[in-house]
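Written out below as structure tokens is the structure these notes cover.
Read the figures in this text as sums done on the coordinates, not as results from a lab. Quick caveat: nothing in here was measured; it's all calculated off a predicted structure. Here the Cβ is made from the backbone with ideal geometry for all residues, glycine too, and neighbour counts use every protein chain on show.
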Amino acid sequence: MHDLVAITALGGAAPRVDTVGSVTCSEVPDVALASVTARLGHEAATQDEVARLIGTVTPTVQRFAGDPVTAFWSGPDQWMIEAPFSTHEDLAAYVKTAVGIVASVTEQTDAWARFDLQGDGINAVLELLCQLDLRQFQSGHVARGAVHHIGCFILCRSADHVSLYGPRSSAGSLHHAVLAAMRSAH
């Protein structure tokens, strides 16, 4: 019998939290993710099913919506579905049941690492990390771009709270880049 122990993307038993000045970077491991892609000819039906799943209108380009099950735009007729792991451990199966045959669903939970930046100084940190028009990047917006040469999703949850999703295999590099930007902005 194996005695397996769950670890975070950064290899810890507990999520890592770092504060520099007024900005805190928190590793957020308790999120379930699944991707949804509309099948050819079923784009409108997929949007309807995603809307039912999240309880609000399906987000358009560069937007996210829903709570506690959230969808964020990830490409044309594609969304990433996000939910608390504690209530949606098998999110992909849940989403697949909801969308039926109109869309393809893939499990994404262990493919991505999430880091939340919170505090008054997050714009100064983001300016060093990625190319975003921060005047346009407001609550409910999502961007897909590079952070330190790593393809990421960046979600603006509020004026002082941003989530970064990067590949789990690059979690250490992404975390290092975020901390370096936090120190430089401070």
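Miscellaneous remarks
- Counting only DSSP H runs of at least 4 residues, each contributing -39500 (n - 2.57), and dividing by the residue count of the chain, the helix-based mean residue ellipticity at 222 nm comes to -7000 deg cm²/dmol.
- Annotation for SER26 and LEU134: the two label points, set 7 Å from Cα along the Cα-Cβ direction, are 2.1 nm apart.
- Positive dipole terminus of the chain, leading residue within TYR165, VAL50, ALA6 (C-beta point charges): TYR165
- Those GluC sites (Glu not before Pro) in segment 88-166 that DSSP places in a loop and that have at most 16 other beta carbons within 10 Å: GLU89
- Positive-end ranking of LEU155, VAL178, THR70 along the dipole of segment 40-186, with charges on Cβ about the Cα centre, is headed by VAL178.
- Cβ-placed point charges (K, R +1; D, E -1), dipole of the chain about Cα centre in debye, nearest 20: 340 debye
- Listed values for segment 139-148 are Karplus-derived 3J(HN,Hα) couplings in whole Hz (6.51 cos²θ - 1.76 cosθ + 1.60, θ = phi - 60°), namely 3, x, 8, 9, 10, 10, x, 9, 10, 6, and x replaces Gly and Pro.
- Placed amide H near ARG63: partners under 5 Å, 5+ positions off or other chain: TRP73, VAL142
- Inter-label distance, nm, simple model (7 Å from Cα along the C-beta direction), ALA180/THR97: 4.5 nm
- Under-5 Å amide H pairs with ALA103, H placed in peptide plane, nonlocal only: ARG39
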